[in-house]
Amino acid sequence: MKLRNIVIGMAFICQCSHTQAQKTPTGLKDHFKNYFTVGVAVSPQALKTDEAGLIVKEFNSMTPENAMKMGPIHPSENQYNWAGGDSIAAFAKRNGLKLRGHCLCWHNQTPRWLFIDSVTGKQVTKEVLLQRLKDHITTVVSRYKGTVYAWDVVNEAISDKKDEYMRPSLWYQICGEEFIEKAFRWAHEADPNALLFYNDYNEIDLVKREKIIRMIKDLKAKGVPISGVGLQGHWAINEPSKGQLDSTLKDFSSLGLNMQITELDISVYPKEHNARERQATDVDTSFSTEKEQKQIDVYKTCFELFKKYKKNISSVTFWNISDRHSWLDNFPVRGRKDYPLLFDAQLKPKKAYWEITKSESNK
Ligand code: XIL
């Protein structure tokens, strides 16, 4: 009898501590639950590794890093490749994560066939290109209707050059500005409930920011169904300054639109926007204490300000999972290891993680 009581008592204690343990595993998503969802860009392959556990523990939103882009998902006119996107969508559903779609129209990772007449081999007309864009958007958005809650509809259409408004991509050369407005309207027709974003980088640059704001105001004035602006957030140890980021977030907030940080990472190298060859000066690829500290400082500034603008920022997504692999390992310098994320290659939280989550005001 006594023994039975002890056994029951022990079982009770175990059960309690087990329930406790189940309740307490906090991740980024829990730390920032009063502010915004916290997302991560993933590949279908990563979901089959130990990174899957980290994703479920830490994040409550995902973005396919490449799987839903035009090239990978629609490699030729009559062929869609759904496998990657579907497996990411299934993982998100199974584990209760939100899913952002990325991206419906971009100048990179876009298949050649879109712009070429298969019979004549010549560049297609505006009418043909817009029809192809419509078919693409309608098919992809319809497939993920109800699963993808927000789409990056148009990515990086604004020029980086000071005296140039739009990027002279093939989209722009063939269609003029119209492709942007059309893309939003077609996405909205295919899924009226999806949030629709314009996504770009380097908004901390005042000239580029003003151009983006001008375009968004134009779209709004025309009644285009745009829900918000995605700030990619590919930053580095030397930017953004607190003042730069504060005024960027303030300016976009004043548009009264939803804002999301869509591709956050903080490179441990000073910011460069263009790809280049690796040089002798790129020899030091260590994650030194100095780089670590500078990265911590930028991460702290970012999250302090994201929290300040929580009314307008609904989501913050990291671009890749851990320092085991980042697209910055090959950009802007091929083969130069970077360490831009909050988890190291062993998937352990870095100091930056503890710094941005320790603040009392997160609770
Ligand atoms: C990157 C991916 O991470 C890489 O794997 C791929 O080779 C190139 O594209 N801005 C974007 C993202 O909007 O789609 C890019 O993703 C990074 C820059």
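Among the residues of the range 188-234, those that are surrounded by fewer than 20 Cβ atoms within 10 Å (Cβ to Cβ), more than 26 Å from LYS300 (Cα to Cα) and among the basic types (Lys, Arg) comprise ARG214, LYS217, LYS220, LYS222. Considering the range 183-213, and only residues there that are within 16 Å of the ligand (Cβ to nearest atom) and of a type in the set (A, V, I, L, M, F, W, C), the residue that is nearest to THR110 (Cα to Cα) turns out to be ALA183.
Restricting the range 133-182 to residues that are away from the ligand (no atom under 15 Å from the Cβ), surrounded by 15 or more Cβ atoms within 10 Å (Cβ to Cβ) and of a type in the set (Asp, Glu), the residue that is farthest from THR262 (Cα to Cα) is GLU177. Is it true that some residue in the range 197-204 is assigned to a helix (DSSP H, G or I) and of a type in the set (Asp, Glu)? Checking the range 197-204: not a single residue is assigned to a helix (DSSP H, G or I) and of a type in the set (Asp, Glu). Taking the criterion of being within 15 Å of the ligand (Cβ to nearest atom) and in contact with a His (Cβ under 9 Å, 6 or more places away or on another chain), the residues of the range 68-92 that qualify are MET68, LYS69, MET70, ILE73.
Number of residues in the range 311-337 that are of a type in the set (D, E, K, R), within 18 Å of the chain's Cα centre (by Cα) and either more than 16 Å from the ligand (Cβ to nearest atom) or surrounded by 21 or more Cβ atoms within 10 Å (Cβ to Cβ) (or both): the value is 1. For the range 93-107, taking the residues that are surrounded by 14 or more Cβ atoms within 10 Å (Cβ to Cβ) and more than 16 Å from the ligand (Cβ to nearest atom), the one that is nearest to the chain's Cα centre (by Cα) is identified as LYS98. Taking THR110, is it within 16 Å of the ligand (Cβ to nearest atom) and either modelled with pLDDT under 95 or assigned to a loop (DSSP other than H, G, I, E, B) (or both)? Criteria met by THR110.
GLY256 passes every criterion in (1) at positive phi; (2) surrounded by fewer than 18 Cβ atoms within 10 Å (Cβ to Cβ); (3) in contact (Cβ under 8 Å) with a residue 40 or more places away in the chain apart from (3). Only one entry in PHE287, PHE331, PHE252 is assigned to a helix (DSSP H, G or I) and not basic (Lys, Arg), namely PHE252.
When the range 246-276 is filtered for residues that are in contact with a Phe, Trp or Tyr (Cβ under 9 Å, 6 or more places away or on another chain) and over 15 Å from ILE212 (Cβ atoms), the ones remaining, listed by number, are ASP246, GLU263, LEU264, ASP265, ILE266, SER267, VAL268, LYS271, HIS273, ALA275. Scanning the range 290-310 for residues that are in a loop (DSSP other than H, G, I, E, B) and surrounded by 16 or more Cβ atoms within 10 Å (Cβ to Cβ) yields a single hit, TYR309.
The values are calculated or read from the model by the stated rules, or taken from the named source; none is laboratory data. Here the structure is a predicted model, which is why all the values come from computation and not from measurement. As a convention, Cβ positions derive from the backbone with ideal geometry for all residues, glycine included, and neighbour counts pool all protein chains shown.
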